[in-house]
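Heads up, the thing below is written out as structure tokens.
The values are calculated or read from the model by the stated rules, or taken from the named source; none is laboratory data. Just so it is clear, the model here is predicted, and its values are computed rather than measured. In this analysis, Cβ positions are derived from the backbone assuming ideal geometry, glycine residues included, and neighbour counts consider all displayed protein chains. Areas reflect the complete protein model, heavy atoms only, side chains present, ligands, DNA and RNA absent. Shrake-Rupley method; radii C 1.70, N 1.55, O 1.52, S 1.80 Å.
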Amino acid sequence: MTTAFYFDERCLWHTTGEHALILPVGGYVQPPSGAGHAESPESKRRFKNLLEVSGIAAHLSWRGAEPASRDDMLRVHPAAYLDQFKALSDADGGNAGIYSPFGPGSFEIAALSAGLAKRAVADVLSGEVANAYVLSRPPGHHCLPEQSMGFCLLANIPIALEAARASHGLGRVAVLDWDVHHGNGTQAVYYDRDDTLTISIHQETCFPPGQGLASERGAGPGQGTNLNIPLLPGGGHQAYMDAFELLALPAIRSFAPDLIVIACGLDANGFDPLARMLAHSETFRQMTRQVKDLAAEICGGRVLAVHEGGYAEVAVPFCGLAVVEELSERRSPVQDPLLELLQTQQPPADMIAFQRARLAQQAQHI
Ligand code: ZN
């Protein structure tokens, strides 16, 4: 069986309007000469292109999908939000929330982005593919049911999971979000539910500000099924390895899911302009390997990764390639040309020890 890769060029045609990094152009913000908004297609396109140039793409099952339907969206989002988003999209674009500008037609592109995740979940569950990577865009993990946020216009992963629950009887799911920002949208959807474990490893109080605290553990029936693992700014490869060993992997094993979904932001890498962590491609490689091994042990190998953030255009492709190489158990001849530099920039041993002690302390209180 093969690893499947879900992609649609139209996802790269979603626009975010005239911005420089995250700032609307105007006033003292000069219009950009290059990509403009941080959430540009470029990092995604370069990732997809590197899969092809490296030769890995030839070994993947390359797939598209139908857009998510309105019924699919309504399982997660209220009609009022969908109507507002659609009306703005049908006009000239706009912003239906916080830090989430979009251009004309982005509603249909967001539906496609969620649709790619929906099909990937269905194909992994049916056993048609071994595992999957979904290059969805726009991303989804910040999107709240009633409001877009942080470049995320629809909650891609929850839409995919709830569709599979409706049609395939999908049971327990663990969502492991290693995007450098807090997976607040996914957390919000599942906060009071006991069928979905949501884990977010993120730079502490990076985005959304003040959220993603370790004390947020779920509510009601969902008490204990939300796990936030905030890492100190400047943490690198070892911080992620320690977060996995001490908290994330034991939590997933103990939850015993039927499926593991990785919310695969690649913005913890040390070159990202929207965060301050020092992970590198080997970090993403080893995290993927560990999740894949765990999936083989506890849920028949059922695992997929859904793309989230990642704004360092040159670095993202090498991190993404490492994830896909691990999922497909195949190495390309590509050596990450940025790896050695980031490995020399890792934090000192006392900072690593301090971070590990904090994680161990958090683990003691679970
Ligand atoms: Zn992010």
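Answer yes or no as to whether ASP258 is closer than 25 Å to PRO158 by Cα and not aromatic (Phe, Trp, Tyr). Criteria met by ASP258.
Among the residues making up region 185-211, those that are within 13 Å of the ligand (Cβ to nearest atom), in a strand (DSSP E or B) and open to solvent by less than 10 Å² (accessible area, probe 1.4 Å) are SER200, ILE201, HIS202.
Residue count for region 53-95 satisfying the condition of being assigned to a helix (DSSP H, G or I) and touching an Asp or Glu at 6+ places or on another chain (Cβ under 6 Å): 1. Here is the figure for region 161-202: residues that are within 17 Å of ASP72 (Cα to Cα) and polar (S, T, N, Q) total 2.
Residues that are assigned to a loop (DSSP other than H, G, I, E, B), more than 21 Å from TRP178 (Cβ to Cβ) and either in contact (Cβ under 8 Å) with a residue 40 or more places away in the chain or within 20 Å of the chain's Cα centre (by Cα) (or both) do not occur anywhere in region 110-119.
Between ALA219, ALA256, ALA214, the distinction of being in contact with a Phe, Trp or Tyr (Cβ under 8 Å, 6 or more places away or on another chain), open to solvent by 30 Å² or more (accessible area, probe 1.4 Å) and either farther than 23 Å from ASP293 by Cβ or more than 16 Å from the ligand (Cβ to nearest atom) (or both) belongs to ALA219 only.
Considering only region 316-355, state which residues are within 16 Å of the ligand (Cβ to nearest atom) and either touching a residue at least 60 places away in the same chain (Cβ under 8 Å) or open to solvent by 10 Å² or more (accessible area, probe 1.4 Å) (or both).
VAL316, GLY320, VAL323
Looking only at region 67-96, residues that are at pLDDT below 95 and open to solvent by less than 30 Å² (accessible area, probe 1.4 Å) come to 3 in all.
Looking across region 97-109, the residues that are closer than 24 Å to VAL25 by Cα, open to solvent by 50 Å² or more (accessible area, probe 1.4 Å) and under 23 Å from the mean Cα position of the chain (by Cα) come down to ILE98, TYR99.
In region 36-43, is there at least one residue being within 24 Å of ALA155 (Cβ to Cβ) and assigned to a helix (DSSP H, G or I)? The answer is yes; a qualifying residue exists. The one condition from (1) open to solvent by less than 20 Å² (accessible area, probe 1.4 Å); (2) in a loop (DSSP other than H, G, I, E, B) that CYS11 does not meet is (2).
Inside region 114-165, residues that are within 16 Å of the ligand (Cβ to nearest atom) and aromatic (Phe, Trp, Tyr) make up a count of 1.
The set of residues from region 260-305 being open to solvent by less than 30 Å² (accessible area, probe 1.4 Å) and within 13 Å of the ligand (Cβ to nearest atom) comprises ALA263, CYS264, GLY265, LEU266, ASP267, ALA268, ASN269, ASP272, ALA275, MET277, ALA279.
Considered as a group, the residues in region 166-184 that are outside any loop (DSSP other than H, G, I, E, B) and more than 11 Å from the chain's Cα centre (by Cα) include one that is nearest to the ligand (Cβ to nearest atom), and that residue is ASN184. Is there a residue in region 137-149 that is buried (at least 22 other Cβ atoms within 10 Å of the Cβ), in contact with a Lys or Arg (Cβ under 7 Å, 6 or more places away or on another chain) and either modelled with pLDDT of 95 or more or in a loop (DSSP other than H, G, I, E, B) (or both)? Yes, that holds for at least one residue. Among all positions in region 349-358, there is no residue which is part of a helix (DSSP H, G or I), within 28 Å of ALA296 (Cβ to Cβ) and not basic (Lys, Arg). Quick one: would you say GLY93 is more than 16 Å from the ligand (Cβ to nearest atom), closer than 26 Å to GLU42 by Cα, touching a Pro at 6+ places or on another chain (Cβ under 7 Å) and of a type outside the set (A, V, I, L, M)? Yes: the conditions hold for GLY93.
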